[in-house]
Amino acid sequence: MDANQSLNGVAECNPKPILVTGGAGFIGSNFILEWLAEGRGPVVNLDKLTYAGNPENLAAVEEHPDYSFVRGDICDRELVKQLLDRFKPRAVVHFAAESHVDRSILGPEAFLKTNIDGTFTLLRAAKAYMESLDVAGRADFRFLHVSTDEVYGTLAPEDPAFHEGTPYAPNSPYAASKAASDHLVRAWVHTYKLPAIVTNCSNNYGPYQFPEKLIPLMIANARQGKPLPVYGDGQQVRDWLYVVDHCRALITVLENGRIGETYNVGGGNQRSNLEVVTTLCALLDELLPQSQFRPHAQLITYVEDRPGHDRRYAIDARKLEGELGWRAQESFETGLHKTVEWYLSHAGWVESVTSGAYQHWVEQNYGSRETTAGATGSSR
Ligand code: NAD
Ligand code: DAU
């Protein structure tokens, strides 16, 4: 995208804004909504609007005087430089990424491009920008890199949860690309004194999550009476965190975290995939008493496993809790209830993001997956 064109109509901000990348995606849009609701000042959102980016997520703040949107690519060096020079942000909060593991298995290129090259482009521009600031501006500036627990690899059932010192062992192309980006950030801190902080978070769920990910996919399929595709034996474990709790953790780290540190973020909610899906089915049975597909658990279908599927993730968030006082406010039960209600009352949103190219993805990812023995119905 042409940089000048993309800046048209975007007002310069005062007081200093933050520059958010990937703010039209799931976590980024929740972050911007939370940031503006808390009255924390202006935000400039740089987003390429890939299939996962949806300006509708931010419709409520489109006209907000503190919100500006720039459509563009984080790999566009000139655009990134122009945005930093023009808006003089006090922080960059970097969400933009290709984020779906299954897509990374079927097409890793975009992951290496955005997650590695894109992060490199931002780091290089942020370094030059930081060096142009006066002493006070430099002292205030932060680069917050939003990363994932998947960089740590997989845990056996009795292993302790991932902590900030757990060695990196990424297993999917997505995880490897995020691990590479984390290493780049580390190098920019160490070598160039860039005031960056990294967060590694567990699985998020909540409003505006694209329905290719487990929880919104299961809700969308169940509503339509479609199979609920559980990979492998469904006993893989994830540690779930309500997205707004993640956003509050990011704000806490941005405002009070120590430069050069890593903070793990997680909800302490380890659940097997099968538990998650059966809980969702029970919630849907309760909230949709007239549904012809009740009991929704009859739709559960075991399908061929994800190649290289990580068995278990779990996060030890004691550093963030102890040092910065962050606590998750939602339990898995309250967060999931809110989430299901949100999806049920936003059928139009689901419809609009799953039309068109999404259908092609469903065919590509699920079309050739075999249904495995003992396929449908109740849990194992
Ligand atoms: P998402 O896929 O929903 O959104 C990604 C956003 O980035 C989209 O708006 C997309 O348009 C934008 N984008 C992609 N490529 C871009 C580019 N080259 N230039 C500019 N914008 C681009 O992702 P998400 O789930 O919101 O994740 C956000 C970040 O949080 C990612 O870095 C991800 O690795 C990390 N994370 C996600 C989770 C999770 O459970 N979803 C957990 C931990 C960490
Ligand atoms: O752990 C943090 C990561 O969580 C983030 O970094 C990623 O961006 C995010 O996508 C998420 O990765 P997962 O692979 O864990 O999420 P996903 O929702 O794709 O899958 C969750 C689990 O559910 C996983 O074990 C695979 C399984 N699954 C997923 C889908 C889409 C199924 O069994 N069936 C499915 O159809």
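The values are calculated or read from the model by the stated rules, or taken from the named source; none is laboratory data. All values derive from a computational prediction rather than experimental measurement. With ideal geometry, Cβ positions are generated from the backbone for all residues, glycine too; neighbour counts draw on all protein chains shown. Calculation scope for accessible area: heavy atoms of the full protein, side chains included, ligands and nucleic acids excluded. Shrake-Rupley method; radii C 1.70, N 1.55, O 1.52, S 1.80 Å.
How much space per residue, in cubic angstrom, does the convex hull of the C-alpha atoms of the range 111-205 take up?
Residue-normalised Cα hull volume stands at 112 Å³.
Determine the relative contact order of the chain: mean sequence separation of Cα pairs under 8 Å and six or more apart, normalised by residue count, in whole percent.
Relative contact order here is 16 percent.
Quick one: putting +1 on the C-beta of Lys and Arg, -1 on the C-beta of Asp and Glu, what dipole do you get for the range 73-227 around its Cα centre, in Debye to the nearest 20?
The calculation lands at about 440 debye.
Starting from the Cα-Cα distance between Leu287 and Leu49, subtract it from 0.36 nm times their residue separation and give me the gain in nm to one decimal.
Length gained between Leu287 and Leu49: 82.4 nm.
Any idea which of Ala24, His190, Thr334 is furthest toward the positive side of the dipole for the chain, if Lys and Arg beta-carbons carry +1 and Asp and Glu beta-carbons -1?
Toward the positive end, the furthest listed residue is His190.
Please tell me which of these pairs span more than 18 angstrom C-alpha to C-alpha: Lys16/Lys88; Lys16/Lys48; Lys48/Lys213; Lys48/Lys113?
Lys16/Lys48; Lys48/Lys213
Using +1 on the beta carbon of Lys and Arg, -1 on that of Asp and Glu, and nothing else charged, what's the dipole of the chain about the Cα centre, debye to 20?
480
Roll a 1.4 angstrom probe over the protein heavy atoms and tell me the percent of accessible area of the range 311-351 that is carbon or sulfur.
Roughly 49 percent of what the probe reaches on the range 311-351 is carbon or sulfur.
List, largest first, the extents of the alpha carbons of the chain along their principal axes, each in whole Å.
65, 44, 37 Å, listed from the longest principal axis down.
With all protein chains present and a 1.4 Å probe, how do Arg90, Arg312 order by accessible area, largest first?
If we order Arg90, Arg312 from most to least accessible, we get Arg90, Arg312.
Points 7 angstrom from Cα along the Cβ direction at Glu333 and Glu56: gap in nanometres?
Between Glu333 and Glu56, the label points sit 3.3 nm apart.
Quick check on the range 232-321: take the gyration tensor over C-alpha atoms, sort the square-rooted eigenvalues as a ≥ b ≥ c, and tell me if it's rounded (a/c under 1.5), prolate or oblate.
Oblate shape, in that a/c is at least 1.5 and b/c is the bigger or equal ratio.
Residues of the range 205-233 with backbone nitrogen within less than 13 Å of a virtual label 7 Å along the Cα-to-Cβ line of Ser352, please, listed as ranges.
Only 208 pass the distance filter.
What are the aspartates and glutamates whose alpha-carbon lies under 17 Å from the alpha-carbon of Lys178, with same-chain residues fewer than 8 places away excluded?
Glu98, Asp102, Glu109, Asp117, Asp149, Glu150, Glu164, Glu261, Asp310
To the nearest 500 deg cm²/dmol, what mean residue ellipticity at 222 nm is calculated for the chain from DSSP H runs of n ≥ 4 alone, each contributing -39,500 (n - 2.57), summed and divided by the residues?
The helix-only estimate for the chain comes to -12000 deg cm²/dmol at 222 nm.
With all protein chains present, how much of the accessible area of the range 154-295 (probe radius 1.4 Å) comes from carbon and sulfur, to the nearest whole percent?
Accessible surface attributable to carbon and sulfur in the range 154-295 totals 52 percent.
Under the definition of Cα pairs under 8 Å and six or more residues apart, what whole-number percent is the relative contact order of the range 64-181?
33
Fully extended, how many nm does the chain gain between Glu63 and Glu255 (0.36 nm per residue separation, minus their Cα-Cα distance)?
Taking 0.36 nm per residue and subtracting the Cα distance, the gain is 66.5 nm.
Kindly report, to the nearest 10 Å², the accessible surface of Phe120 as traced by a 1.4 Å probe over protein heavy atoms only.
For Phe120, solvent-accessible area is about 70 Å².
Antiparallel versus total DSSP beta bridges in the chain: what percent is that, nearest 5?
10
Consider a paramagnetic label point 7 Å from the Cα of Glu164 along Cα→Cβ; state which residues of the range 243-273 have an amide N under 16 Å from it.
Output list for this probe position: 249-266.
Can you tell me which of Asp66, Asp316, Asp134 moves the most in a GNM of the chain? Springs connect C-alpha atoms under 10 Å apart.
Asp134
Keeping all protein chains in position, work out how much accessible area Lys16 exposes to a 1.4 Å probe, and write it in Å² to the nearest 10.
80
Which of Phe162, Leu106, Gly137 sits closest to the plus end of the dipole of the range 40-192, meaning its Cα is farthest towards the positive end, when Lys and Arg get +1 and Asp and Glu get -1 on the C-beta?
Looking along the dipole axis, the top candidate is Gly137.
What accessible area per residue comes out for the chain, rounded to a whole number of Å², with a 1.4 Å probe?
42
For the pair Asp85 and Glu275, how long in nm is the line joining their label points, each one 7 Å along Cα→Cβ?
Rounded to a tenth, the inter-label distance reads 5.4 nm.
Taking just the alpha-carbon atoms of the range 132-284, what radius of gyration and Dmax come out, in angstrom?
Final numbers for Rg and Dmax: 18.1, 60 Å.
Just grab the label-to-label distance for Glu323 and Ala110, each label 7 Å out from Cα along the Cβ direction, in nm (one decimal).
Here the answer is 3.4 nm between the modelled labels.
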